[in-house]
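Shown next, in C-alpha cells, is the structure this report addresses.
The values are calculated or read from the model by the stated rules, or taken from the named source; none is laboratory data. Not measured: the values here are computed from a predicted model. Glycine also receives a Cβ, built like all others from the backbone with ideal geometry; neighbour counts cover every protein chain displayed.
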Amino acid sequence: MSEDAFYIRRMWSFSRALDLGLVDEEIEKGLQLTLGQRHGERVAYIAMRLGRNLGLGKRELVHLTVAGLLHDIGALGCFREYHGDPRILEKHCLEGALAVEHFPSGVILASAIKYHHETPDTLHAALRAPSEEVPLMARILSLADKIDLKMLRKQHSRQERNEILKWVRDKSGILFYPEVAIAFEQVAHKEAFWLDIEQADLLQIALGLLCGKWHLPATRDLDSGFTLNLAATFADLIDQKSQFTARHSWSVAETVESLARELGWQEDRLREIYVAGLLHDLGKLSIPKKILDKPGALNSDEIDIIRTHTYYTHRLLTEAGFPTRMSEWAAHHHERLDGLGYPFALKGNEIDEGSRLMTIADIFVALTEDRPYRVAMTPGEAFALIQRGAGTMVDERLVERVKRALV
C-alpha cells in the first residue's frame, strides 16, 4: 500500500493545481457552474467513501480516488476552444478521458472520467450514453461530483444535511443511479462523513481509510516519557475547560488502565491506554465553554456540536502521529456495539477491546462525578446502570470481567 499512498499523494497535489486553474471566474462562467475550492479532492473523497460502501476492493478504490481527483482534467484542456459553448460539458469528459489514458491503469481512469456526467435519465447527461455503458466508477463519480457542487464550503447543519439527502432520494433514477444513491444515504448518516469533508487534511483522512481502515503507522515510535508529560499537560487543559470536569481525564485514564490490567494487558499497552485515556476528550477543546457549562438541557444544535468532540480527538491524535490503536481507543468512546454511537457509527467487531474498555471507563467516571443536572452516583449505582446497557451500548462480557476493578 505504500506505493499506492505515494501515487495518491502525487495525484492529490496535481488535483490541487487543477483546482487552482478551475476556480476561476471566467472558467466558472464558461462551465456555467461554481466548482468551489478543493473540488477535485472532495469529489475523490466522497467517491472513495461510496466505493467502500459498495464493496469495491483496495485496488479499485485507488483507481476511483485518482479518477475523482482528476475528473475535471479535461475542463482546462478544452476551455479555450469551447468557452461559452454548451458542448463544453460533453467535450471536457472526452478530453479528460484522453488525458489520463497513459496514466497507470489509464483505461480504467479514462472510462470513469469519460462517463462521469452520465445520468439514468439521458436528458440530463453529457454524452447520453445508455446505462449499460456507464461503469460503476463513473456512476459513483457522477453522484460525488453533483453532491460537492451542492455543498456550501461550511459545516452543514442537520437540516441542511437532510435536505441534501432528500434531494438525492428524490432524484434517484433521474440524476443518480439508484444503487449509488442508496450508498450515499448510508454513508451520509455517519457524522464523520460531513466533518471529514471540511478538513484541511482530507488527503490524510482518505489515505487512512484506503490503507487498512485507519491503520497507518505512527510517524515515530512512542516516546513514553515525553508523551506522558504532553498528555498530562493537555489533560489538565481539557479538564479546566469546564468547571464540571475538574479531574475527568485523569480519572478516565486511571480507570481504563485498571480495567485493562484486570484483563491481563502487558505493561507497554497499559501505558498506551493510560495516555489515550488522558487524551480521550482532547476534541472538547473545540467546544464552546458556554455549551460545556450549560446548566440546563442542551438543544439539538448544541448536542450536535458536543458530538463532534470525539471526531476531533481522532483527527488531532492522528495528525500528531500517535499509533492508530491509541487514536481509536481515545476517540471511539462514544461508539456503541449496536452501531448507534458517534461519530463513526461503528458496530460490533469494528470496535476493538481497548475502545470498548474506554467506553466503560468514560461512562463509569461520568456517572460518579457531580454534574450540573445531578449529583454523583455511587460506584454500585453507576455499575448497575452500565449493566443495563450491556449488549447494546457496551460489551456485556467485558463488563462482567472488569466488575471487580469498578466496584
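Quick one: in segment 148-159, of everything that is touching a Lys or Arg at 6+ places or on another chain (Cβ under 9 Å) and surrounded by fewer than 22 Cβ atoms within 10 Å (Cβ to Cβ), which residue is nearest to LEU56 (Cα to Cα)?
For segment 148-159, the residue satisfying everything is MET151.
Only residues that are part of a loop (DSSP other than H, G, I, E, B) and not β-branched (Val, Ile, Thr): list them for segment 274-290, please.
Within segment 274-290, LEU279, HIS280, ASP281, PRO288 meet the criteria.
Show me the helices (runs of 4 or more DSSP H) entirely contained within segment 311-407 in which 1 or more residues are crowded, with 22+ Cβ neighbours inside 10 Å and not aliphatic (A, V, I, L, M).
Passing ranges, in order: 324-331, 353-367.
Any residue in segment 54-71 that's in the same structural domain as VAL43 (by TED's automatic domain parsing): show its pairings with residues that are of a type in the set (S, T, N, Q) and modelled with pLDDT of 95 or more at Cβ separation under 9 Å, as long as the two are six or more apart or on different chains.
Listed by first residue and then by second, the contacts come to ALA67/SER111.
Determine, yes or no, whether ALA231 is touching a Ser or Thr at 6+ places or on another chain (Cβ under 7 Å), outside any loop (DSSP other than H, G, I, E, B), surrounded by 16 or more Cβ atoms within 10 Å (Cβ to Cβ) and at pLDDT below 90.
No: the conditions fail for ALA231.
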